[in-house]
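*Asks:* Sending over a structure as structure tokens; questions will come in a sec.
Just so you know, all these numbers are worked out from the coordinates, no wet-lab data involved. Keep in mind that what you see is a predicted model, and the values were worked out from it rather than measured. Note that each Cβ is placed from the backbone with ideal geometry, even for glycine, and that neighbours are counted across all protein chains shown.
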Amino acid sequence: MTKTQVILYGRPGCHLCEEAKQAIEAAGCSDLYTLTEVNIEAGPVLLDLYKDHIPVVSINGVEAFRHQVDSDLFKERVLTNLKKEY
């Protein structure tokens, strides 16, 4: 089974980004996805795109959350993405 790819776009010191990461972890489905954290300050394109809108979470390349993450909805979206693969 291929894991769902989750990307958390944020920046160091962002309390909302930490809350989003905690909500993702609280979903209790870490065995179903791979989480990559991306620092938007690493380049001008990401900084311009997301500077006032973090955190942003994408699931398999599609933006799923902006500003806040709901644990239950995150889990539902990860499971939905897994079902699409089959």
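*Asks:* Pairs of lysines 8 or more apart, or on different chains, with alpha carbons under 14 Å: count those in the chain, would you?
*Replies:* 5
*Asks:* Further question: When the Kirkwood hydrodynamic radius is evaluated over all pairs of different C-alpha atoms of the chain, what value in angstrom, to one decimal, is obtained?
*Replies:* When all Cα pairs of the chain are included, the Kirkwood radius is 13.0 Å.
*Asks:* Next up: Using the Cβ atoms and a cut-off under 12 Å, what net charge is assigned to the surroundings of Ser30, where Lys and Arg are +1 and Asp and Glu are -1?
*Replies:* Net charge around Ser30: +1.
*Asks:* Ordered by residue, what ³J(HN,Hα) values in Hz, to whole numbers, does region 63-74 give under the Karplus form 6.51 cos²θ - 1.76 cosθ + 1.60, where θ = phi - 60° and Gly and Pro are x?
*Replies:* 4, 10, 9, 9, 6, 9, 10, 9, 4, 5, 5, 4
*Asks:* Now for a separate question. May I ask for the angle, rounded to the nearest 10°, between helix 15-26 and the longest principal axis of the chain, with both axes built from Cα atoms and the value confined to 0 to 90°?
*Replies:* Tilt of helix 15-26: around 10 degrees.
*Asks:* If you don't mind, there's one more thing I want to ask. First select every other residue whose beta carbon is under 13 angstrom from the beta carbon of Asp52; then total the charges, Lys and Arg +1, Asp and Glu -1. Mind dumping the intermediate values first?
*Replies:* Numbers: positive: Arg11, Lys51, Arg66; negative: Asp48.
Summing Lys and Arg as +1 and Asp and Glu as -1 gives +2.
*Asks:* Looking only at the chain, where both bridge partners belong to it, what percent of the DSSP beta bridges are antiparallel (to the nearest 5)? Intermediate results must be reported in sequence, preceding the final value.
*Replies:* On the way: 8 of 15 bridges.
The antiparallel proportion sits near 55 percent.
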